[in-house]
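Student: Encoded as structure tokens, here's the structure I'll be asking about.
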């Protein structure tokens, strides 16, 4: 079941983040080429880049959480017993789920306000509400990933693996 969920995350949020990053690359190429050779940049290029960066960052959050690729303070892991590490991991995932869920709720409230006021970007007049809704969706998905790992052991990323018997951990 975890493999199927990981595949769904890769094909949804991961693909969306990758496509946004690819779009930023091409937008930059076209913008720089236009400025260099035609003395005109892409109208609204900065706004498009900002929206695409939001998609890259928030789209990657569920996958980063799934793979356990957040910044980790693990200096004391060598001294922490396995039974305590298991409890610690569940508590950290529970707190993370609560924080991401709270942030998702805040983004929902902000998106509703953007929609109510009709807020748009300055140059292209694109509505900001759908972007905020998408951010809220990715935050909620990230919260659900952490909530799942409260009850199910998270897949261990290769860089967090304990050294094999007889090997020393890297300094």
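Student: Considering the range 72-101 alone, what residues qualify as being more than 17 Å from the chain's Cα centre (by Cα) and outside any helix (DSSP H, G or I)?
Tutor: Result: 73, 74, 75, 76, 80, 81.
Student: Here is a follow-up. When the residues of the range 113-129 are narrowed to those that are in contact (Cβ under 8 Å) with a residue 12 or more places away in the chain and out of contact with any helix residue (DSSP H, G or I) (no Cβ under 6 Å at 6 or more places or on another chain), which ends up farthest from residue 16 (Cα to Cα)?
Tutor: Ranking the qualifying residues of the range 113-129, first place goes to 122.
Student: Sticking with this one: In the range 86-100, what residues are out of contact with any helix residue (DSSP H, G or I) (no Cβ under 7 Å at 6 or more places or on another chain), without any contact (Cβ under 8 Å) to a residue 60 or more places away in the chain and surrounded by 13 or more Cβ atoms within 10 Å (Cβ to Cβ)?
Tutor: Once the filter is applied, which keeps residues that are out of contact with any helix residue (DSSP H, G or I) (no Cβ under 7 Å at 6 or more places or on another chain), without any contact (Cβ under 8 Å) to a residue 60 or more places away in the chain and surrounded by 13 or more Cβ atoms within 10 Å (Cβ to Cβ), the range 86-100 yields 88, 92, 98, 99.
Student: Mind checking which residues of the range 20-50 are modelled with pLDDT of 95 or more and either under 14 Å from the mean Cα position of the chain (by Cα) or not in a helix (DSSP H, G or I) (or both)?
Tutor: 20, 21
The values are calculated or read from the model by the stated rules, or taken from the named source; none is laboratory data. Because the structure is a prediction, the values reported are computed rather than measured. Backbone-built Cβ (ideal geometry, glycine too); neighbour counts: all protein chains shown.
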